[in-house]
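Written out below as structure tokens is the structure these notes cover.
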Amino acid sequence: MTDEPSATRETGRIEAFSDAVFAIAITLLVLDLRVPAPGRFAETLLSDWSSYLAYLAAFATIASIWLHHHTVFRRIARVEPAVLLLNLLLLLGVSVVPWPTSLIAAAVREGTRSDQIAAVAVYTLVSLVVSASWTGLEFTLAARPRLLVDPADTGWMRLHGYQAMLAAIPILVAGALVFVSPIASLLVFVAVPAYFIAVVSTTGWRRPRD
């Protein structure tokens, strides 16, 4: 009796579950945007600019992950336990993103220098978890062409695995920039997912070959 049916299966459930996590995480981000007190709308809106920048960085991060997740899973015919586990690690990073976003917004708005460093360190760590999970997932798929709709897409997976690995460099740069300016760190955290959104928009939508 073979264990193949339990080792491989279609991707519908994993995509639906992943989309639910993305939707919840990206919705939770808005909870950190405060409603101004009556009579102080203009003052509060202006003073909360760090919350808006942190929100933009986190939204762009989750959006870029979701877009790439969609392009990757269009190329997968079935999954194995390694793919499931690495996808869960990726979702762990996604689900945690709202927390360091709130930390950074609060630290920049009214925290001490050590608060700002700690908040950016947490955001950097979460971003590295996402980068590592993408790297592992795409290299795993590149090594297992039997899981792909088109086995020739192993090259595509390998290329994007290297890109995910290299993403750790600007993430670490963003983390180090907090010692210069936490705003500079946030701007890099916005720029990194913006770059990957552009990559997906220009190169990620090629349909797998029949």
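Is there a residue being open to solvent by 40 Å² or more (accessible area, probe 1.4 Å), of a type in the set (Lys, Arg) and in a helix (DSSP H, G or I) anywhere in the stretch 100-109? Yes. Filtering the stretch 66-90 down to residues that are in a helix (DSSP H, G or I) and either modelled with pLDDT under 90 or open to solvent by less than 10 Å² (accessible area, probe 1.4 Å) (or both), which residue is nearest to residue 126 (Cα to Cα)? Filtering first and then ranking leaves 90. Contact map, the stretch 188-210: residues that are modelled with pLDDT under 85 paired with residues that are not in a helix (DSSP H, G or I), Cβ distance under 6 Å, separation 6+ or inter-chain. Pairs shown: 208/75; 208/149; 208/150; 209/150. Counting only helices (runs of 4 or more DSSP H) wholly contained in the stretch 113-188, the ones carrying 3 or more residues that are polar (S, T, N, Q) occupy 113-142. Report yes if residue 88 is under 19 Å from residue 69 (Cβ atoms) and free of Cβ contacts under 8 Å to residues at least 12 places away in the same chain, otherwise no. Answer is yes for this residue. Of the residues contained in the stretch 141-164, none is found to be within 19 Å of residue 99 (Cβ to Cβ) and crowded, with 22+ Cβ neighbours inside 10 Å.
The values are calculated or read from the model by the stated rules, or taken from the named source; none is laboratory data. Remember, it's a predicted structure, so these values are computed and weren't measured experimentally. Virtual Cβ from ideal backbone geometry, glycine too; neighbours counted across all protein chains shown. Note: areas computed on protein heavy atoms with side chains; ligands, DNA, RNA excluded. Shrake-Rupley method; radii C 1.70, N 1.55, O 1.52, S 1.80 Å.
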